[in-house]
Amino acid sequence: MSSRRTVSLITLGCARNEVDSEELAARLEAAGWRTDDDDPDVIVVNTCGFIDSAKKDSIDTLLAAADSGAKVVAAGCMAERYGAQLADALPEATVISFDDYAHIGERLDDVLAGRPLVPHSPRDRRTLLPITPVERGGARTHIPGHGQDDPLPEGVAPASGPRPLRKRLTGGPVASLKLASGCDRRCTFCAIPAFRGSYVSRRPEDLLAEAAWLAGQGVKELVLVSENSTSYGKDLGDLRALEKLLPALAAIEGIERVRVSYLQPAEVRPGLLDVMTSTEGVVPYFDLSFQHASGTVLRRMRRFGDPERFLDLLAQIRERAPEAGIRSNFIVGFPGETQEEFDELVAFLEKARLDVIGVFGYSDEEGTEAYGFEGKIDQDVIDERVATLTELAEELTAQRAEERIGTELEVLIEEDLGDGGYEGRAAHQGPEVDGAVTVQGIGLVPGQIVQAVAVDSEGVDLIARIKAGT
């Protein structure tokens, strides 16, 4: 085989997938492959398999990759979820499982040489781990994004201590850090636990080592990601593990901000609220997974909450940190959702003052409990409710941004726009999905944090001027 072996990785879906792709990149580099986006021998598409639109995007990306003339490999959630079924439907791509990740170099060698790989038969990955969380630590099953202690080439990991198996594929001052993988919740609309598996936390020492390595790569903000960050540590025997981890991460030299994503409202404890709103370097940012507000809909989703409890949680957050950023996503058109239940969601949003609101129409997902529910809503009704709630969300989040005019912001500069303009994010804004701040200045650089004052808003975005003397 030619010594020239090049690979391009395309990542779709969430930030968790981005971390998984960077693990694959490190493993491939250790196996002698070189990442090359211009003329790769093999293109690996890290697919998303969450909802129909994500699956379509994955298929379109795989087909476009095949048109390039390179060999194509389908990895990630959609590949794991459908296995041989996807391979039969898409002969243009070789389909691999999460279990192939530890030997990804060998698998791509096979693909490049034309040696066929037998696609896996999908299975419920929850069955691969013990039911009891504290017994999962010693289980031998591959969990993407958790790789450790593999031999790595120069520059991929620190020279001593725990060795993060990761190679950054993008630059910039922000990086995701995977807290855990999998989920133990049984939401009736969600298929993720079946193909991602049960909840497994990463060890604090591994997270701290990887965070320090990221800081050495120029990262200023860590975004902690998982399917459910508030469960972190339950399988390590410490329900307060996240409260202890956050100050330690914030204390790492070079790290200016730590941000936590994917919080379950039912698991947000007062102690965690205190740490997230009072620890220097930990931004008061709450990505809360509400999904709906009607108590009866939430019970059918097998979730916790109602408007009163959710508003009380928001009040507790704002009592501790009035400037806190709060976002959430909502599903409309869930089976059996009445007009009254939809109106209850609307009324909640009008009171909640959220900074960002994501709206999704319900879609049936094979393998979920809701797939077999009666009372399915007509698609035209779902579309109408999505349009109504989206319009309201845009109005409410624009109003929330207007409320921040005149307030002081700490802006992390991320991009030089030219002509003295820079784009960045304030502490209440998460990366990519929560809006941005535009500031005017001279000589600013990505990764720098500047003090500014919000002077105007455009939708969820803010326009700010740098404070004199900073």
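The values are calculated or read from the model by the stated rules, or taken from the named source; none is laboratory data. Remember, predicted model here, so these are calculated numbers, not experimental data. When we count neighbours, we look across all protein chains shown, and the Cβ atoms used for this are built from the backbone with ideal geometry, even at glycine. The accessibility values were calculated without ligands, DNA or RNA, using every heavy atom of the protein model including side chains. Shrake-Rupley method; radii C 1.70, N 1.55, O 1.52, S 1.80 Å.
The number of residues in the range 96-129 that are part of a helix (DSSP H, G or I) and not small (Gly, Ala, Ser) comes to 17.
Output the residues belonging to the range 282-325 that are free of Cβ contacts under 8 Å to residues at least 60 places away in the same chain, touching a Leu at 6+ places or on another chain (Cβ under 7 Å) and not in a loop (DSSP other than H, G, I, E, B). Answer for the range 282-325, where residues must be free of Cβ contacts under 8 Å to residues at least 60 places away in the same chain, touching a Leu at 6+ places or on another chain (Cβ under 7 Å) and not in a loop (DSSP other than H, G, I, E, B): Val282, Phe286, Leu288, Gln316, Ile317, Arg320. Scan the range 54-108 residue by residue and report those that are of a type in the set (Gly, Ala, Ser) and touching a residue at least 40 places away in the same chain (Cβ under 8 Å). Answer for the range 54-108, where residues must be of a type in the set (Gly, Ala, Ser) and touching a residue at least 40 places away in the same chain (Cβ under 8 Å): Ala54, Ser58, Ala65, Ala70, Ala75, Gly76, Ala93, Ala102, Gly105. With the checklist (1) farther than 24 Å from Glu256 by Cβ; (2) surrounded by fewer than 19 Cβ atoms within 10 Å (Cβ to Cβ); (3) modelled with pLDDT of 95 or more in hand, flag the one item Thr407 doesn't pass. Among (1) farther than 24 Å from Glu256 by Cβ; (2) surrounded by fewer than 19 Cβ atoms within 10 Å (Cβ to Cβ); (3) modelled with pLDDT of 95 or more, the lone unmet condition for Thr407 is (1).
Can you pull out the residues in the range 15-61 that are touching a helix residue (DSSP H, G or I) at 6+ places or on another chain (Cβ under 9 Å), in a loop (DSSP other than H, G, I, E, B) and open to solvent by 30 Å² or more (accessible area, probe 1.4 Å)? If the condition is that a residue be touching a helix residue (DSSP H, G or I) at 6+ places or on another chain (Cβ under 9 Å), in a loop (DSSP other than H, G, I, E, B) and open to solvent by 30 Å² or more (accessible area, probe 1.4 Å), then Ala31, Gly32, Asp41, Phe50 are the ones that fit. The residue list Thr230, Thr188 contains one member that is part of a helix (DSSP H, G or I), at pLDDT 95 or above and open to solvent by less than 20 Å² (accessible area, probe 1.4 Å), which is Thr230.
Mind listing whichever residues of the range 333-352 are part of a helix (DSSP H, G or I) and among the aromatic types (Phe, Trp, Tyr)? Phe342, Phe348, listed by residue number. Here Thr390 fulfils each of the conditions (1) open to solvent by 70 Å² or more (accessible area, probe 1.4 Å); (2) over 19 Å from Gly171 (Cα atoms); (3) of a type in the set (Val, Ile, Thr) apart from (1).
Going by what's in this entry, would Leu236 be described as more than 20 Å from the chain's Cα centre (by Cα), surrounded by 14 or more Cβ atoms within 10 Å (Cβ to Cβ), within 20 Å of Ala211 (Cα to Cα) and touching a residue at least 60 places away in the same chain (Cβ under 8 Å)? Here the answer is yes, as Leu236 does meet what is asked.
When Val283 is tested against (1) surrounded by fewer than 22 Cβ atoms within 10 Å (Cβ to Cβ); (2) more than 19 Å from Thr388 (Cα to Cα); (3) among the β-branched types (Val, Ile, Thr), just one condition goes unmet, and that condition is (1). Quick one: is Glu337 at pLDDT 95 or above, open to solvent by less than 20 Å² (accessible area, probe 1.4 Å), more than 25 Å from the chain's Cα centre (by Cα) and charged (D, E, K, R)? Answer is yes for this residue.
State all residues of the range 357-371 that are open to solvent by 60 Å² or more (accessible area, probe 1.4 Å) and hydrophobic (A, V, I, L, M, F, W, C); if no residue qualifies, say none. The answer is Phe360, and nothing else. Going by what's in this entry, would Gly182 be described as modelled with pLDDT of 90 or more, surrounded by fewer than 17 Cβ atoms within 10 Å (Cβ to Cβ), closer than 27 Å to Leu214 by Cβ and not acidic (Asp, Glu)? It is false that Gly182 is modelled with pLDDT of 90 or more, surrounded by fewer than 17 Cβ atoms within 10 Å (Cβ to Cβ), closer than 27 Å to Leu214 by Cβ and not acidic (Asp, Glu). The set of residues in the range 425-442 that are part of a loop (DSSP other than H, G, I, E, B) and either among the charged types (D, E, K, R) or open to solvent by less than 60 Å² (accessible area, probe 1.4 Å) (or both) comprises Ala426, Ala427, His428, Gln429, Gly430, Pro431, Glu432, Asp434, Gly435, Ala436, Gly441.
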